[in-house]
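The values are calculated or read from the model by the stated rules, or taken from the named source; none is laboratory data. Just so you know, these numbers come straight off a predicted model, no measurement behind them. Here Cβ is always computed from backbone atoms with ideal geometry, including for glycine, and neighbour counts include all displayed protein chains. All accessible areas refer to the heavy atoms of the entire protein, side chains included, with ligands and DNA or RNA removed. Shrake-Rupley method; radii C 1.70, N 1.55, O 1.52, S 1.80 Å.
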Amino acid sequence: MNTTDEALAQLGVDSYRSCEALQQPVWPDADALKRATDRLKQVPPLVFAGEADVLRGHLAAAGRGEAFVLQGGDCAEIFSEATADRIRNKIKTILQMAVVLTYGASTPVVKIGRMAGQYAKPRSSHDETRDGVTLPAYRGDIVNSFAFTEEARVPNPDRLLDAYHVSASTLNLIRAFTTGGFADLRRVHQWNRGFSANPAYAAYDKVAAEIDRAVRFMEAAGGDFEALKTVEFFSSHEALLLDYERALTRIDSRSGLPYDCSGHFLWIGERTRQLDGAHVEFLSKIHNPLGVKLGPTSTAADAMALAERLNPGNVEGRLTFVARMGADKVRDVLPGLVEGVRDAGINVTWLTDPMHGNTFTSESGYKTRRFETILDEVKGFFEVHRDLGTVPGGLHVELTGDDVTEVLGGTAEIDDEGLAMRYETKVDPRLNHEQSLEMAFLVSELLSHREVPPLETLRFED
Ligand code: PEP
Ligand code: CO
């Protein structure tokens with residue numbers, strides 16, 4: 001054990017090792033795993049604790065209705081797809097959505113990518129069998145490779161280091177795109193004008209024209225467009241692979257507290273949120289802002305117990321619940337959870353993930369979702385919060401900036417036959433560029449009915 005390891009152990013970050021850890025690969029070579037994690041313990045952090053603290057403040061604002069969160073990106077990032085073009089398209093899509101949502105919400109939008117670290121996937125089975133051959137399931141590029149061969153599927157710890165390096169280069173490009181002029185509000189707005197000028201999307205041109213007037217008003221009134229050339233953008237992923245997350249944990253030199261420096265915001269998935277499980281135990285010791293996915297079997301008691309474990313100090317912005325109920329259940333199941341948490345005085349930020357409860361296999365055999373069903377779950381989420389007088393704090397979506405055909409429907413009316421045209425995802429189906437923008441315009445409309453906070457609260461605290 002090196003001295004940092006000892007100090008981290010003193011801070012309790014290794015207590016998770018005595019808990020059951022679901023969804024972990026079986027690494028065949030323990031020495032190779034140790035070599036990889038020892039190396040990861042030496043590398044520079046991908047993000048800084050101070051940045052995670054800033055995000056906590058923004059998430060707190062979203063929990064109060066003074067901001068709105070947009071979290072989006074691939075279901076599973078793929079090493080070979082971390083190219084400049086694809087990263088740029090994803091950033092561009094999220095920035096375009098954010099402008100539309102900012103207008104609808106009349107508040108800042110907190111932009112978080114499922115990017116630069118979203119490489120580990122929970123699976124329903126340890127193995128996969130094809131034509132009588134059984135191999136380990138694909139658990140994401142951080143563990144093994146998608147190709148159905150023995151060599152590709154055996155968990156390989158060298159991939160932990162690859163994940164770190166690909167995350168670093170992705171984050172480097174994200175930082176360049178979001179601070180180097182690419183994100184300039186006027187430019188992003190022009191891209192949106194291009195979208196709504198397409199006759200197919202004429203329904204959104206009215207809102208785009210309203211945003212245009214707002215931008216012109218700002219300009220005429222002497223708004224500081226120089227400041228709007230730069231946007232804050234945060235990284236996030238599911239903290240699933242504990243060997244990786246633990247190896248990137250560092251002690252913040254300012255506070256002496258442990259932060260998982262693999263990403264700003266980390267979440268616990270629906271399959272690994274057991275109260276006595278290793279994921280909850282590990283993240284309870286980490287000071288980043290955290291999310292927990294809550295599926296349709298969750299109860300108010302589960303939510304309250306998770307809050308007690310992960311946020312005993314009831315710190316605003318520390319804990320985000322990401323509800324992924326399914327469009328057919330959100331109106332029945334979510335109210336009990338939101339009400340229970342509200343009545344217990346627990347501070348959480350509520351996001352909707354309208355993707356993971358709405359997945360099915362199409363007749364032609366593709367794993368897909370329907371655009372209209374996704375939107376219906378978002379609507380249900382807003383209705384529940386409106387009825388309870390609570391705050392719908394944000395949207396969590398699987399998207400890509402490319403013109404893939406993975407989700408059915410939308411104005412372009414992708415049908416079952418159309419899915420075959422460009423179905424690329426290795427795991428879950430993503431909204432494509434146009435579907436993402438359409439979703440933003442539709443959610444913006446829902447947001448415009450949300451209560452608008454007093455103007456003086458609309459500055460993020462530093
Ligand atoms: C995911 O976000 O890709 C995921 C696996 O979600 P969930 O844990 O909600 O099923
Ligand atoms: Co997914």
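Closer than 26 Å to ASP162 by Cα, touching a Gly at 6+ places or on another chain (Cβ under 8 Å) and either modelled with pLDDT under 95 or open to solvent by 50 Å² or more (accessible area, probe 1.4 Å) (or both), is that true of LEU22?
For LEU22, the condition - closer than 26 Å to ASP162 by Cα, touching a Gly at 6+ places or on another chain (Cβ under 8 Å) and either modelled with pLDDT under 95 or open to solvent by 50 Å² or more (accessible area, probe 1.4 Å) (or both) - is met.
Quickly run through the range 251-271 and pick out the residues that are within 14 Å of ligand 1 (Cβ to nearest atom) and surrounded by 22 or more Cβ atoms within 10 Å (Cβ to Cβ).
GLY263, PHE265, LEU266, TRP267, ILE268, GLY269
Please determine, by comparing only the residues of the range 272-284 that are within 16 Å of ligand 1 (Cβ to nearest atom) and among the polar types (S, T, N, Q), which one is least open to solvent (accessible area, probe 1.4 Å).
THR272
Is it the case that the range 226-249 has a residue that's open to solvent by 10 Å² or more (accessible area, probe 1.4 Å), within 16 Å of ligand 2 (Cβ to nearest atom) and part of a loop (DSSP other than H, G, I, E, B)?
Within the range 226-249, not a single residue is open to solvent by 10 Å² or more (accessible area, probe 1.4 Å), within 16 Å of ligand 2 (Cβ to nearest atom) and part of a loop (DSSP other than H, G, I, E, B).
Any residue in the range 444-459 that's more than 11 Å from GLU66 (Cα to Cα): show its pairings with residues that are of a type in the set (Val, Ile, Thr) at Cβ separation under 8 Å, as long as the two are six or more apart or on different chains.
SER444/VAL100; SER444/VAL207; GLU445/VAL207; LEU446/VAL378
Looking at THR359, THR400, THR373, can you tell me which residue is open to solvent by 10 Å² or more (accessible area, probe 1.4 Å) and touching a residue at least 60 places away in the same chain (Cβ under 8 Å)?
None of the other options fit; the residue is THR359.
Select from the range 61-98 the residues that are assigned to a helix (DSSP H, G or I), among the aliphatic types (A, V, I, L, M) and buried (at least 21 other Cβ atoms within 10 Å of the Cβ) and list them in ascending order.
Result: ALA61, ALA62, ILE87, ILE91, ILE94, LEU95, MET97, ALA98.
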